[in-house]
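Colleague: Mind looking over this structure? Questions follow.
The values are calculated or read from the model by the stated rules, or taken from the named source; none is laboratory data. Note that the structure is predicted; figures quoted are calculated from it, not measured. Quick reminder, even Gly has a Cβ in these numbers, built from the backbone with ideal geometry, and neighbours come from all protein chains shown.
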Amino acid sequence: MSLHSTQAFCAALLALLRLSPGHAFEFFRTQFAVGIQIDLIEMAGQHLGHAIFQLLPTQATTVVPIGGAKTRLMLGFTRLRRGLSRNQATQDQQQAVTKSARHGPDIILAAMDISLKIQGLCKRYRKAPSAALDAVSLSVESGQIFGLIGPNGAGKSTLVRCLLGLEKPDAGQITVAGLDLKQDLQAIRRLCGLAPQDPGYYPRLSVEENLQVFGRAWGLRAQALNAAVDQALNATHLQEHRRQLAEHLSGGQRQRMNLSMALLNAPKILILDEPTAGVDAQSRRFMLEMLQSQRDQGTTIIYTSHYLTEIEQLCDKLAIINRGCVLFEGSLQQLRALHPARLMLRFAQLPDDSLLEALGAHASDMVLDGRQAWLETTQPLECLSWLQQQSIETEAIHYGPESLEAIYFSEIEAQDAEQAA
């Protein structure tokens, strides 16, 4: 079919898509790429019925059923091209789905131990000044929520892409449920669900239709597809929004739809990249509770976030990664054990230097910031008694373990200082 005929066909879909002709053509052009020949095989009645779009001989056949009471566009992908979406998040999500759906044997997972082990993983991009991943080793036990934290550019996204086979590491080994990623990539992908930081969705399709796109990409059909969509909507409390166009959803609702897409294949491993970014407090609370429920059902969850309070509340185990290196791996209790409890004092008036020096002698370390002082000490009562003897007044006193945020910055700054030296 000629380019002119293709444009005419897209214009005929205008009523269905509720788009301008230019936007409609752009939709098809971006989805199926420039230069693709579209052959309309069947048109029935007043509706379009079922249309089969034949891609170039080197590509796969894609079936797109169109019809229904409202003749809403329904995209049932059996094969997707690499350049399917306009952003990397959607591309990663759909690559992970479609590659696993069309390759690899079905495997029985009911009683399987879904643990994940990474050993000596290395990845360096061409012309990059340093390695994105530098001998990374991690261990995630079955049914854990594993928090992965680090600054932007630390290597978290590269690690996730390697886990899904979207990036090929230069060295190292990844095993999931006893399966080697190099040998059993497609089987491992079938275990996974991905919710990228930037939700991948089609704004002009409803919530339900978006889920059907991804459900069909997983190979789900008929009752199995409807059941999976219903279950995902129930899990994320989006039932009442199922007919709503995705472009009309709030930020929190879009993130929940993003998460529902990741749940369609009932994954044993759920990979979430900043799932609560930009959502309101109520939506964040709901999502954290939902993820705890998923863990209680046996799902292994890898969770990246810059909200460290979420990591404290949610995760059984965590890793701090910076400059492609793992600085710490273990439980929050193990991390805090490496950082002594601190006594925080806020003075009514800053004491003179001689008194501060004497106060510092009661601690292994002391940090001053304005009228506040943090002391590393195992004898807080001795310090407070000395303050009383010296008639030094305080406005606030706190003693206890450091917050994850304080420890996190301490670990990052220590490595940065070491690298700069």
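Colleague: What is the residue count in the stretch 111-133 for residues that are more than 30 Å from Ala266 (Cβ to Cβ) and among the β-branched types (Val, Ile, Thr)?
Modeller: Going through the stretch 111-133 one residue at a time, the tally reaches 0.
Colleague: On to the next question. Return only the number of the condition from (1) of a type outside the set (Phe, Trp, Tyr); (2) exposed (fewer than 15 other Cβ atoms within 10 Å of the Cβ); (3) in a helix (DSSP H, G or I) that Arg243 does not satisfy.
Modeller: Only one criterion in (1) of a type outside the set (Phe, Trp, Tyr); (2) exposed (fewer than 15 other Cβ atoms within 10 Å of the Cβ); (3) in a helix (DSSP H, G or I) is unmet by Arg243, namely (3).
Colleague: Let me ask another. With the structure loaded, tell me whether Pro196 is under 19 Å from the mean Cα position of the chain (by Cα) and at pLDDT below 90 or whether it fails that test. Even if it seems obvious, please write down each step before you answer.
Modeller: Details: under 19 Å from the mean Cα position of the chain (by Cα): yes; at pLDDT below 90: yes.
Answer is yes for this residue.
Colleague: Scanning the stretch 229-240 for residues that are more than 11 Å from Glu208 (Cα to Cα) and part of a helix (DSSP H, G or I), which turns out nearest to the chain's Cα centre (by Cα)? Full working, then the answer.
Modeller: The first filter runs over the stretch 229-240 and keeps only residues more than 11 Å from Glu208 (Cα to Cα), leaving 231, 234-237.
Imposing the further condition that a residue be part of a helix (DSSP H, G or I) reduces the set to 231, 234-235.
On the way: Gln231: 20, Asn234: 20, Ala235: 17 Å.
Looking at residues that are more than 11 Å from Glu208 (Cα to Cα) and part of a helix (DSSP H, G or I), I get Ala235.
Colleague: Do we have any residue at all in the stretch 162-174 that's at pLDDT below 95, surrounded by fewer than 23 Cβ atoms within 10 Å (Cβ to Cβ), out of contact with any Gly (no Cβ under 6 Å at 6 or more places or on another chain) and of a type in the set (S, T, N, Q)?
Modeller: Looking through the stretch 162-174, none of the residues is at pLDDT below 95, surrounded by fewer than 23 Cβ atoms within 10 Å (Cβ to Cβ), out of contact with any Gly (no Cβ under 6 Å at 6 or more places or on another chain) and of a type in the set (S, T, N, Q).
Colleague: Return yes when Ala363 is assigned to a loop (DSSP other than H, G, I, E, B), small (Gly, Ala, Ser) and not assigned by TED's automatic domain parsing to the domain that holds Leu121 and no when it is not. Before the answer, list the steps.
Modeller: Details: assigned to a loop (DSSP other than H, G, I, E, B): yes; small (Gly, Ala, Ser): yes; not assigned by TED's automatic domain parsing to the domain that holds Leu121: yes.
Yes.
Yes or no, residue by residue, for (1) free of Cβ contacts under 8 Å to residues at least 40 places away in the same chain; (2) farther than 29 Å from Ile311 by Cα:
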| position | (1), (2) |
| --- | --- |
| Phe328 | no, no |
| Leu345 | no, no |
| Glu357 | yes, yes |
| Gly360 | yes, yes |
| Trp374 | yes, no |
| Cys383 | no, yes |
| Trp386 | yes, yes |
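Colleague: Please work out which residue is farthest from Ile118 (Cα to Cα), limiting yourself to the stretch 175-187 and to residues that are surrounded by fewer than 21 Cβ atoms within 10 Å (Cβ to Cβ) and not polar (S, T, N, Q). Reasoning before the result, please.
Modeller: Filtering the stretch 175-187 down to residues surrounded by fewer than 21 Cβ atoms within 10 Å (Cβ to Cβ) leaves 175, 177-180, 182-187.
Keeping just the survivors that are not polar (S, T, N, Q) gives 177-180, 182, 184-185, 187.
Details: Ala177: 12, Gly178: 12, Leu179: 12, Asp180: 10, Lys182: 12, Asp184: 15, Leu185: 14, Ala187: 17 Å.
My answer is Ala187.
Colleague: I've got another one for you. If we keep just the residues of the stretch 315-370 that are on the phi > 0 side of the Ramachandran plot and touching a strand residue (DSSP E or B) at 6+ places or on another chain (Cβ under 8 Å), which is surrounded by the fewest Cβ atoms within 10 Å (Cβ to Cβ)? I'd like the intermediate steps shown before the answer.
Modeller: Residues of the stretch 315-370 that are on the phi > 0 side of the Ramachandran plot, as a first pass: 323-324, 330, 370.
With touching a strand residue (DSSP E or B) at 6+ places or on another chain (Cβ under 8 Å) added as a condition, the list becomes 323-324, 330.
Details: Arg323: 19, Gly324: 24, Gly330: 13.
Looking at residues that are on the phi > 0 side of the Ramachandran plot and touching a strand residue (DSSP E or B) at 6+ places or on another chain (Cβ under 8 Å), I get Gly330.
Colleague: While we're on this one: Looking only at strands (runs of 3 or more DSSP E) that fall completely inside the stretch 275-360, which ones have 2 or more residues that are charged (D, E, K, R)? Spell out the reasoning first.
Modeller: Numbers: elements: 300-304, 317-322, 325-330, 342-347.
Hits in the stretch 275-360: 342-347.
Colleague: May I ask you to verify whether Ala417 is farther than 20 Å from Ile145 by Cα, outside any loop (DSSP other than H, G, I, E, B), over 32 Å from the mean Cα position of the chain (by Cα) and among the small types (Gly, Ala, Ser)?
Modeller: Working: farther than 20 Å from Ile145 by Cα: yes; outside any loop (DSSP other than H, G, I, E, B): yes; over 32 Å from the mean Cα position of the chain (by Cα): no; among the small types (Gly, Ala, Ser): yes.
No; evaluated as a whole, the condition is false for this residue.
Colleague: Please go through the stretch 192-228 and pick out each residue that is touching a residue at least 60 places away in the same chain (Cβ under 8 Å) and in a helix (DSSP H, G or I).
Modeller: Taking the stretch 192-228 first, the residues touching a residue at least 60 places away in the same chain (Cβ under 8 Å) are 192-202, 204-206, 209, 212-214, 216-219.
Of everything in the stretch 192-228, those that are touching a residue at least 60 places away in the same chain (Cβ under 8 Å) and in a helix (DSSP H, G or I) turn out to be Glu209, Gln212, Val213, Phe214, Arg216, Ala217.
Colleague: Of all residues in the stretch 357-406, which are modelled with pLDDT under 90 and of a type in the set (Val, Ile, Thr)?
Modeller: Val367, Thr377, Thr378
Colleague: Give the residues of the stretch 115-150 that are within 12 Å of Val326 (Cα to Cα) and within 15 Å of the chain's Cα centre (by Cα), sorted by residue number.
Modeller: Answer for the stretch 115-150, where residues must be within 12 Å of Val326 (Cα to Cα) and within 15 Å of the chain's Cα centre (by Cα): Leu148, Ile149, Gly150.
Colleague: Further, regarding this structure: Select from the stretch 388-405 the residues that are over 18 Å from Thr377 (Cβ atoms) and surrounded by 15 or more Cβ atoms within 10 Å (Cβ to Cβ) and list them in ascending order. Don't jump to the end; show me each part of the working.
Modeller: The first filter runs over the stretch 388-405 and keeps only residues over 18 Å from Thr377 (Cβ atoms), leaving 391, 393, 395, 404-405.
Correct list: Leu404 only.
Colleague: So, Asn265, is that one more than 14 Å from His237 (Cα to Cα) and touching a residue at least 40 places away in the same chain (Cβ under 8 Å) or not? Spell out how you get there, then give the answer.
Modeller: On the way: more than 14 Å from His237 (Cα to Cα): yes; touching a residue at least 40 places away in the same chain (Cβ under 8 Å): yes.
Taking the combined requirement at face value, the residue satisfies it.
Colleague: Provide a single number: the residues in the stretch 304-358 that are within 22 Å of Arg161 (Cα to Cα) and in contact with a Pro (Cβ under 8 Å, 6 or more places away or on another chain). Don't jump to the end; show me each part of the working.
Modeller: Restricting attention to the stretch 304-358, the residues satisfying the condition of being within 22 Å of Arg161 (Cα to Cα) are 304-307, 311, 315, 317-329.
Going one step further and asking which of them are in contact with a Pro (Cβ under 8 Å, 6 or more places away or on another chain), we end up with 305, 322.
The number of residues fulfilling the criteria is 2.
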